[in-house]
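Here the structure is laid out as C-alpha cells; the discussion comes afterwards.
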Amino acid sequence: MLELRSVCKTWQPRRGEKRQLLREVNLRVQPGQTAAILGPSGSGKSTLLKIVAGLEPLDSGAVCLDGQDITGLPPEQRHFALMFQDFALFPHLNVQDNVAFGLVEQRIGKAEARAQAQDMLQRFGLQAFARSRVWQLSGGEQQRVALARALITRPRVLLLDEPFSALDAQLRVQLREEFRSHIAASQMAVLWVTHDEAEARAMGAVGLRMAQGALQPVW
Ligand SMILES: Nc1ncnc2c1ncn2[C@@H]1O[C@H](COP(=O)(O)OP(=O)(O)O)[C@@H](O)[C@H]1O
Ligand SMILES: [Mg+2]
C-alpha cells in the first residue's frame, strides 16, 4: 500500500516569503486501486506527484510503501513509474527501444529487454510501429507508447500527471478504456491527476480534490 502521512510543502516565491502549498496531505492507495486527484491549476497536484516520486523534497511528513518509510529514498530506488504530460519519449530512439528503456536501465540484457518490449508492444497493439521513430506516431499512439514504457518494469506505483491533456476529447474517452484495462492487469497503486472530472470518475475508484493544501474525498 502507498501511503502519504501529513505531507507538508512550502515554497519561497521571494526571499523571506513563504507559501504553504501542501498543508496536510494524507492518502492511502491499495495495490490494484486507482485514486483520481482533481483540483484547480496551481493547487499542488504535480508537486504532490513529484514528492511521491522522490523528485521533490517535502518539508515534513512521510511517503510510505507497505508501511516502510521511503521518504529518503532517491527516485531510482523507488521503482515507481511516471507518466507526466511533458515527460517526453526519447526522439532519438525507435518505439521498441523507448519501451525497452526502463529494462536496459535496470541492466537487463539488451536481447531480453527487446523481447519483453516486443511483448509489450503486442499487448498495446503497437507492434507495427516497433521500428518507427516516436515523432512519426500520432498523439494517442505516443501516449500508448508512454504507458507501455511505464508498465514494462512492473512498477508498484504508477503516477500519471494529466496524461491525456494534449489529446482531443474523443481520443481521451477512447484511451480511458484502454488504459483502464492495462492498469487493471497489474497490481499497482495508481495516482491519476487530471482536471477532467469525467475522466477522474472513469479512472478512479476513489476521487479526491486538492483544496487548500489538502485532499478532500469526493467519492
Ligand atoms: N519550487 C517552486 N518554485 C516556484 N514555484 C513553485 C515551486 N513549487 C511550487 N510552486 C508553485 O506552486 C504552485 C503549484 O504548482 P503545481 O504543483 O504545478 O500545481 P498543479 O499541478 O495543481 O497545477 C504553482 O503556482 C507553482 O508556481
Ligand atoms: Mg500540474
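The values are calculated or read from the model by the stated rules, or taken from the named source; none is laboratory data. Owing to the predicted nature of the structure, the values given are computational and were not obtained by experimental measurement. Counting neighbours? That spans all protein chains shown, and the Cβs are built from the backbone with ideal geometry, glycine included. The protein model used for the area step is the full one, side chains on, heavy atoms only, and it has no ligands, DNA or RNA in it. Shrake-Rupley method; radii C 1.70, N 1.55, O 1.52, S 1.80 Å.
Data for the structure
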{"read-out": "Degrees separating the helix 169-184 axis from the principal Cα axis of the chain, which is the longest one", "value": "90"}
{"read-out": "Length-normalised contact order for the chain - Cα pairs under 8 Å, 6+ apart - percent", "value": "31"}
{"read-out": "Solvent-free Debye scattering, log10 I(q)/I(0), computed from the Cα coordinates of the chain at q = 0.10, 0.14, 0.15 Å⁻¹", "value": "-0.45, -0.86, -0.98"}
{"read-out": "Sequence ranges 51-62, 3-14, ranked by mean other-Cβ count within 10 angstrom, highest first", "value": "51-62, 3-14"}
{"read-out": "Packing-based order for 199-211, 125-137, using average beta carbon neighbours within 10 Å, highest first", "value": "199-211, 125-137"}
{"read-out": "Inter-label distance, nm, simple model (7 Å from Cα along the C-beta direction), residue 71/residue 211", "value": "2.7"}
{"read-out": "Reach of residue 50 by Cα under 19 Å, taken over lysines that are not fewer than 8 positions away in the same chain", "value": "9"}
{"read-out": "Accessible area (Å², per residue) of the chain, counting only protein heavy atoms and a probe of 1.4 Å", "value": "50"}
{"read-out": "Residue (of 65, 38, 115) at the positive-pole extreme of segment 1-121, dipole from beta-carbon charges", "value": "38"}
{"read-out": "FRET efficiency for residue 59 and residue 106, using Cβ-Cβ distance with R0 set to 30 Å, rounded to 0.05", "value": "0.45"}
